[in-house]
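Student: The following block contains the structure, expressed as structure tokens.
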Amino acid sequence: MADPGTYVDEIKRTICFALEIPPERLTDTTPFDELGMTSRQRIQLLSRVEVTYGVSVDLDELDRLVDVRGVAEVISEAVAAQRPTG
């Protein structure tokens, strides 16, 4: 599995842009609830990162999308699952 940290900066940029918040307000572990992110916005975030990284993530993973680190872990796992195991 790829290091989830690989995806953190891009995910932060996406969230800051979508929520119109300054980057300093968002850490890897800032709960999305504290930022006022709704479940609909989490689904939109998931869609954006799926397109960005060319992966598909099951909606069952939505409960893990509670902070940047959680999103990065889900994307990392999806990328790893998509790679051929030669």
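Nothing in this text is a laboratory measurement; each read-out follows from the coordinates by a stated rule. The shown structure was predicted, so the numbers you read here are calculated from the model rather than taken from an experiment. Counting neighbours? That spans all protein chains shown, and the Cβs are built from the backbone with ideal geometry, glycine included.
Student: Could you please rank 75, 21, placing first whichever residue has the fewest other Cβ atoms within 10 Å of its Cβ? Please report the intermediate quantities before stating the final value.
Tutor: Numbers: 75 26, 21 15.
Ranked by crowding around the Cβ, least crowded first: 21, 75.
Student: Given charges of +1 on the Cβ of Lys and Arg and -1 on the Cβ of Asp and Glu, with all other atoms neutral, how large is the dipole of region 5-82 about its Cα centre, in debye to the nearest 20? Spell out each step's value before the answer.
Tutor: Details: 8 positive and 15 negative charges, 50 e Å.
It comes to approximately 240 debye.
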